[in-house]
Amino acid sequence: MSHLSLNPYIHRLQTDFLINQVNDYTHPVIIMGDFNMKSGSGGWKKMTSEFQDVWHLAGDGKGSTYPSLQPRSRLDYIFVSPSVKVLEANVVTSIPKASDSLPLKAHLSI
């Protein structure tokens, strides 16, 4: 589980660190958390150059997770290795007071 910084410089360092940590893994990887970035941003493009965004593949709608009471932005992600098959992705709306963001869940096949 990751929670990346809002500071652009630190965010770039954190994104690079995550990618570099798993570059040599031969087994499937799942990275998830509050990435504090928007779909299509530079950080998202960097992550999706190495991993699949489960929402992009199998989500329905915008996938907004923040703020939890009236979500307008998608800041939370699940990224998986290219070898992982993404079957479904959902925003969990049944627990809006658990955090400032709504959780994501995904059904995967390896």
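The values are calculated or read from the model by the stated rules, or taken from the named source; none is laboratory data. No experiment lies behind these values; they were computed from the predicted model shown. All Cβ positions, glycine included, derive from the backbone under ideal geometry; neighbour counts span all protein chains shown. Just the protein is used for accessible areas: all its heavy atoms, side chains included, with ligands, DNA and RNA removed. Shrake-Rupley method; radii C 1.70, N 1.55, O 1.52, S 1.80 Å.
Among Leu102, Ser49, Ser2, whose Cα projects farthest towards the positive end of the dipole of the chain, with charges put on the beta-carbon of Lys, Arg (+1) and Asp, Glu (-1)?
Leu102
Share of region 9-71's accessible area from carbon and sulfur, percent, 1.4 Å? Each step should come with its number before you reach the end.
Working: 1970 of 3810 Å².
The C+S portion of the solvent-accessible surface of region 9-71 is 52 percent.
Could you calculate the contour length gain from Gln70 to Ile30, that is, 0.36 nm times the residue separation minus the distance between their Cα atoms, to one decimal place in nm? Display every interim value, and only then the final one.
Details: separation 40, 0.36 × 40 = 14.40 nm, distance 2.73 nm.
Length gained between Gln70 and Ile30: 11.7 nm.
Within region 47-98, report the trypsin sites (Lys or Arg not before Pro) that DSSP leaves as loop and that have at most 11 other Cβ atoms within 10 Å. Numbers along the way, then the final one.
Details: sites: Lys62, Arg72, Arg74, Lys85, Lys97; in loops: Lys62, Arg72, Arg74, Lys97.
The qualifying sites are Arg72, Lys97.
Just to be sure I understand, if you calculate Rg/Rh (Cα atoms, Kirkwood Rh) for this structure, which of (i) 0.95; (ii) 0.99; (iii) 0.92 do you get?
(i)
So which aspartates and glutamates can Lys62 reach, going by Cα to Cα under 19 Å and dropping same-chain residues fewer than 8 places off?
Hits, sequence-local ones excluded: Asp34, Asp53, Asp76, Glu88, Asp100.
Could you do me a favour and compute the accessible area per residue for the chain, 1.4 Å probe, result in Å²? Kindly include the intermediate steps, with their values, before the conclusion.
Working: 6720 Å² over 110 residues.
That works out to 61 Å² per residue.
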